[in-house]
Structure formats: C-alpha cells, structure tokens
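Structure, as structure tokens:
The values are calculated or read from the model by the stated rules, or taken from the named source; none is laboratory data. The model shown is predicted, which means the values in this text are computed figures rather than measured ones. When we count neighbours, we look across all protein chains shown, and the Cβ atoms used for this are built from the backbone with ideal geometry, even at glycine.
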Amino acid sequence: MPDGAYLELISFTHPESHYPPSSPSRDARRHQQWANKECGWVAYAFLGAPRATQPLFALLNERLSGAGSNTRYAPEDAGGRTRSDGVEIQWEITPPARWAEKEGGTRLPFFCGDVTPRDLRVRMSSASATTTTFFGLRTRWLAWFSSR
Amino acid sequence: MPTRPTSNTEHPNGALSIAHLRVLAPPSVFVGVATELAAIVGEPPIEVSEGELVWLLDLPGQLTPKWHPQLLLCEPDVDDEDELRFVQTHGAGLFEIGVRVDERSGKRRWSDTPFGRVAWIPV
C-alpha cells in the first residue's frame, strides 16, 4: 500500500498428502508454522528492533511479568532471503512464545525488524512513510482479494 | 514488499493504508488480553466504550502523523453472529482489518468472507 504496509498472502503449494509418507518433505510440510492454522488472518506484526541494546523479547517479557501476565515472547529468530537481484536481506522475528499453537496466533502481535537496511526489503518512495504493521494470512484470502 | 512499481501500491479497490486491527476477545478473557496488549504496546489503552479499547499506533518516520493506525480490542457484538462464532471458535484473535480507501471508490462498511472481515474506511 502507499504507506508501506502490506498484506502477505500465504498458500501452500501442495497438500500434505502430496508428499511421500514418512518422507522429510512430508514432515516439513506438516510442521511448517502455518500448517496447523485455519484459513483467514493468521498473524499481524509491529516493527521490531533488532539492534536494541536490550533484546526486544526481554523488554516485552519484563513488561508482561510486571503486569502480572504469564504470557511471554520467545527470543529473536533470524530470517532472510536473497532477492532476485542477488542482494541479501536479513530480518529478525520476535514471536509470542505460544505463537505456534493452533489457536491464539492472532491474539498478540509478533515483531519483525530489519537487520539489513529496510529500504532493501521495503523500498519506499520519498512521499511515503514506513508503517509499524504488516500482516500474514492464509491461502483462501488470495482468491478472495483477487476477485475484488 | 517493494513499493515500486506503483502497481504494487495503487489498487483498483482504492486501498490506501491500514486503518485498524480489530481483535475480539470474549468477556471472560477481555481484561487479561487488554493487560497483555497494554504491556506489549507500552501504553494504556483509551476506553472508547464499555468493552471497546483502542491504542493509537505510531508510524515510524512521521513525528506528527495526520492519522494513527488503531489497534482495537473489543468484546464481540452480541447481535453479530459472525463475531460470536469467531470467538467461540478461535477465542481471542484478529477478526477484522480496517482499510483506508479513497472515498471515490464507493466502498462502505465492510466485506465479510468465510475467513474474516475487511472494513472499508473512506477518507
């Protein structure tokens, strides 16, 4: 979108049954982080802070503990990919500790912060601003959005 | 997601940006989720009405933004079957995303799907 927010449409290439029984590929498909989620909104995110002196997950857990909550965030998880032009981009995800559970994945935000310059991943025009939010959702939304 | 070419950011449906995220929470866990979100965001919410709280989110790069994306935490509307079904099935979770749209798009209110809701906010 013009302000840099974006919706991420996620769809598996094949159902689990496509992969040979007991194969590594089937196991990977079964345990992929979105595999146990219902179709629809599966996550939303705020901008992370990968270079913070105090890791973000520690700050969040400190606040949550102080508020009397047992909810916790997991340590930062590194991610990245190589763009089609060969440029490597890296980021860090700070997820709720129970993010992988079937239900409750959208109850709390996760955080995503750029380790490499954000402009490499989200190239903004000068008239636009970055935003704190991006979102993840699953397959059938793709068809729905496409039909509009 | 690169914002260039402009076809990445200029949409036929008039979408301009995210207006809000609307998280629903059953009354039984509403206070607990509010406490968690307040700790995570780092600020207490603004109470819009009973059972409806809002946090005004920042836009990095804009010191005085003209508007703030909103994080809404609401109890389900007892007259809305979709909202009631959602919390019965999912518990607390993201039910609706609000999208700011060009008022010339003609979009109003919201669009429901079997998987979630998008609210259209004309600007």
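For the reader, a short list of remarks on this structure follows.
- Qualifying residue in region A:100-109 (condition: surrounded by fewer than 13 Cβ atoms within 10 Å (Cβ to Cβ), charged (D, E, K, R) and more than 9 Å from chain B (Cβ to nearest Cβ)): yes
- Of all the residues in region B:35-51, those that are touching a residue at least 24 places away in the same chain (Cβ under 8 Å) and facing another protein chain (nearest Cβ under 10 Å) number 2.
- Candidate set from region A:34-75 (those that are at pLDDT below 95 and among the charged types (D, E, K, R)); member that is surrounded by the most Cβ atoms within 10 Å (Cβ to Cβ): A:37
- Residue ranges of strands (runs of 3 or more DSSP E) in region B:24-123 with at least 3 members touching an Asp or Glu at 6+ places or on another chain (Cβ under 7 Å) and surrounded by 13 or more Cβ atoms within 10 Å (Cβ to Cβ): B:116-122
- Residue selected from region B:48-69 under the condition touching a Leu at 6+ places or on another chain (Cβ under 6 Å) and modelled with pLDDT of 95 or more, by the criterion farthest from residue B:30 (Cα to Cα): B:55
- Cβ pairs under 9 Å, 6+ apart, first in region B:84-95 and closer than 15 Å to residue B:72 by Cα, second assigned to a helix (DSSP H, G or I) and not hydrophobic (A, V, I, L, M, F, W, C): B:92/B:32; B:95/B:82; B:95/B:83
- Subset of region A:14-59 [more than 14 Å from chain B (Cβ to nearest Cβ) and polar (S, T, N, Q)]: A:17, A:22, A:23, A:25, A:32, A:33, A:53
- Matching residues in region B:96-114 - criterion: being within 15 Å of residue A:7 (Cα to Cα) and facing chain A (nearest Cβ under 9 Å): B:96, B:97, B:99, B:100
- Residue in region B:95-110 that is out of contact with any Phe, Trp or Tyr (no Cβ under 9 Å at 6 or more places or on another chain) and closer than 21 Å to residue A:41 by Cα present: no
- Helices (runs of 4 or more DSSP H) wholly inside region A:5-122 containing at least 2 residues that are under 30 Å from residue B:15 (Cβ atoms), touching a strand residue (DSSP E or B) at 6+ places or on another chain (Cβ under 8 Å) and not polar (S, T, N, Q): A:118-121
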